[in-house]
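Below is one structure, written out as structure tokens; the observations come after it.
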Amino acid sequence: MSITNGYATLVDVKAASASVAAHGTANDSVLERCIEAASRGVDQYTHRRFYTDGTAEVRVYAATNCVWVDIDDLASDTFTLKTATTLLRSYDVTWSSDDYQAEPLNRNVGGAPVPITRLRAIGAYSFTPSHISTVQVTGTFGYATAVPTEVTEATILLSLRRFARLQSPTGVQSGEFGPVYISRRTDPDVAATLDRLRRSVIGVA
């Protein structure tokens, strides 16, 4: 199988483990499944996704106040913002770039781009607080166009952990110094790597 929207490659995972690489291509299909599953595990843990579909998507949001609206990760500064003047959700007002401020500010400082996660009203329009979705955003959703290094590292760790678990269905793996128990809890190294990237759930990422 091939890996769909994976955050690490087969080469990455094999390079991280001499014992896995020693098997050659015999376990490639299993490793690819582990990498894809690990990548989706990263998505679930962080409540965001680190790939883009490469095309614009349309998503809608319910504003909680009139000043700003929190949105799913936008990987690109090129997007369209519309709002509905009635609760019929016709999205009949198109905002210009002078009407909103994309946040956080200074997203590219330090050479590690971060996505747009909030839109703030600064011009002629304001958001309408409602339990109904009155905000529409069309753009390229995802964390960034390039996968952050720490996400790749976490995916490699998770992939190897999953692979080891599959090699020992009972959860016990024989080692040089006796049986080794493979824990099912969250890997603390993975958690430490990804915790700064976690965010609250906004919608389907």
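The values are calculated or read from the model by the stated rules, or taken from the named source; none is laboratory data. Quick caveat: nothing in here was measured; it's all calculated off a predicted structure. When we count neighbours, we look across all protein chains shown, and the Cβ atoms used for this are built from the backbone with ideal geometry, even at glycine. Note: areas computed on protein heavy atoms with side chains; ligands, DNA, RNA excluded. Shrake-Rupley method; radii C 1.70, N 1.55, O 1.52, S 1.80 Å.
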- Item | Per-region count, the stretch 135-154, residues polar (S, T, N, Q) and under 18 Å from Gln101 (Cα atoms) | 3
- Might you check whether a residue that is in contact (Cβ under 8 Å) with a residue 12 or more places away in the chain, surrounded by 15 or more Cβ atoms within 10 Å (Cβ to Cβ), out of contact with any helix residue (DSSP H, G or I) (no Cβ under 7 Å at 6 or more places or on another chain) and of a type in the set (Lys, Arg) occurs anywhere in the stretch 24-42? yes
- Query: When you scan the stretch 122-134, how many residues do you find that are closer than 20 Å to Val58 by Cβ and free of Cβ contacts under 8 Å to residues at least 60 places away in the same chain?
  - Reply: 1
- Meets criteria (acidic (Asp, Glu), open to solvent by 60 Å² or more (accessible area, probe 1.4 Å) and in contact with a strand residue (DSSP E or B) (Cβ under 8 Å, 6 or more places away or on another chain)) for Asp53: yes
- Item | Test for Asp53: is it of a type outside the set (Val, Ile, Thr) and without any contact (Cβ under 8 Å) to a residue 40 or more places away in the chain | no
- Which condition breaks for Tyr125 when tested against (1) aromatic (Phe, Trp, Tyr); (2) under 13 Å from Leu81 (Cβ atoms); (3) in contact with a strand residue (DSSP E or B) (Cβ under 6 Å, 6 or more places away or on another chain)? (3)
- Does the stretch 101-117 include one or more residues that are touching a Pro at 6+ places or on another chain (Cβ under 8 Å), without any contact (Cβ under 8 Å) to a residue 12 or more places away in the chain and surrounded by 14 or more Cβ atoms within 10 Å (Cβ to Cβ)? yes
- What do you reckon, is Arg118 of a type outside the set (Gly, Ala, Ser), at pLDDT 95 or above and closer than 21 Å to Arg49 by Cα? yes
- Item | Output for the stretch 165-191, where each listed residue is at pLDDT 85 or above, open to solvent by less than 90 Å² (accessible area, probe 1.4 Å) and in contact with a helix residue (DSSP H, G or I) (Cβ under 9 Å, 6 or more places away or on another chain) | Val190, Ala191
